[in-house]
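Participant: To start, I am sharing the structure in question, which I have written as structure tokens.
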Amino acid sequence: MNTRTILALGACLSLVSIGASAQTKVEGDVEASGDGYVGAGGMVIKTGLDECLQTGTFSDDNIINVCEGIEEEVAEAAEEEVKTEVAEAPEAPAAVQTSKIDTREFSEQTLFDTDSAALNGSGQAVMNSLFSALAEYKGITGISVTGHTDSRGSEDYNQALSERRAQTVADEISAKYPDASMNVQGMGEASPVASNDTAEGRQLNRRVDIEITATRMTFN
């Protein structure tokens, strides 16, 4: 009775060993998990060829990666995927801010005398204040300058005058920021901000609006 038992066990191990003959050679101990491999003391039993010994219930669902020689391949694939993701990650866009600057913010004085496109004393002071305001920005990429007039004079005349006034201011700014894209236009008397029935209102309408596109500087 005992002899038959030993022979049966020996036959079982022999069959298992034959089934494991195609295994990849494994260096070192392998911790047993699941029921796909023969284990003892929590570790996978290996054949004389240092291959993991499979059980009769072995399947793709209970593979131990290191026994099948696929652990390194998976690790390399994961590393390559991470490198690819890092390489293809888009750069964060720069924070761009568009701000409109009305010269009335700097002075209630007119920039130009009546029927003139030349900056007067007050207008030059306003430009100095404007440059101080622009110093708060970095990476200025675009500047738009729009000139306006009051309603005195013909529409055609006022249109041409507003364009000349805008160009005067644009030239001043271009001297400071030669690399910025500059757009210059005149609106004539078409966009008043105050009544043209009073001297005070007409003064406010003789203005230049400045719009800039830039990254605002952050102060800590």
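Participant: Within the range 204-219, work out how many residues are farther than 20 Å from ASN128 by Cα and either of a type in the set (D, E, K, R) or surrounded by fewer than 19 Cβ atoms within 10 Å (Cβ to Cβ) (or both). Steps first, please.
Facilitator: Filtering the range 204-219 down to residues farther than 20 Å from ASN128 by Cα leaves 205, 215, 218-219.
Then drop every residue that is not either of a type in the set (D, E, K, R) or surrounded by fewer than 19 Cβ atoms within 10 Å (Cβ to Cβ) (or both), which leaves 215, 218-219.
Selection size over the range 204-219: 3.
Participant: Shifting gears a bit: Suppose the filter is among the acidic types (Asp, Glu) and more than 21 Å from PRO178 (Cα to Cα); does GLU155 pass it?
Facilitator: yes
Participant: Still on this structure, I have one more. Which one is surrounded by the most Cβ atoms within 10 Å (Cβ to Cβ), of the residues in the range 25-72 that are of a type outside the set (Val, Ile, Thr) and in a helix (DSSP H, G or I)?
Facilitator: Pass one, the range 25-72, residues of a type outside the set (Val, Ile, Thr): 25, 27-29, 31-37, 39-43, 46, 48-54, 56, 58-62, 65, 67-69, 71-72.
When the remaining residues are screened for being in a helix (DSSP H, G or I), the result is 60-62, 65, 67-68, 71-72.
On the way: ASP60: 7, ASP61: 8, ASN62: 14, ASN65: 13, CYS67: 23, GLU68: 15, GLU71: 13, GLU72: 10.
Filtering first and then ranking leaves CYS67.
Participant: Same structure again: If GLU172 satisfies every condition in (1) part of a loop (DSSP other than H, G, I, E, B); (2) in contact (Cβ under 8 Å) with a residue 24 or more places away in the chain but one, which is the exception?
Facilitator: The number of the failed condition is (1).
Participant: In the range 168-202, how many are within 17 Å of ASP115 (Cα to Cα) and surrounded by 17 or more Cβ atoms within 10 Å (Cβ to Cβ)?
Facilitator: So the answer is 8.
Participant: Out of the residues in the range 104-140 that are at pLDDT 75 or above and aromatic (Phe, Trp, Tyr), state the one that is farthest from GLU172 (Cα to Cα).
Facilitator: TYR137
Participant: Is it the case, given these coordinates, that ALA190 is in the same structural domain as ALA117 (by TED's automatic domain parsing) and part of a helix (DSSP H, G or I)?
Facilitator: Working: in the same structural domain as ALA117 (by TED's automatic domain parsing): yes; part of a helix (DSSP H, G or I): no.
It is false that ALA190 is in the same structural domain as ALA117 (by TED's automatic domain parsing) and part of a helix (DSSP H, G or I).
Participant: Next up: For the range 136-157, give me each residue that is over 13 Å from SER99 (Cβ atoms), outside any strand (DSSP E or B) and of a type outside the set (Ser, Thr, Tyr).
Facilitator: HIS148, ASP150, ARG152, GLY153, GLU155, ASP156
The values are calculated or read from the model by the stated rules, or taken from the named source; none is laboratory data. Keep in mind the model is a prediction, meaning the values are calculated, not measured. Here Cβ is always computed from backbone atoms with ideal geometry, including for glycine, and neighbour counts include all displayed protein chains.
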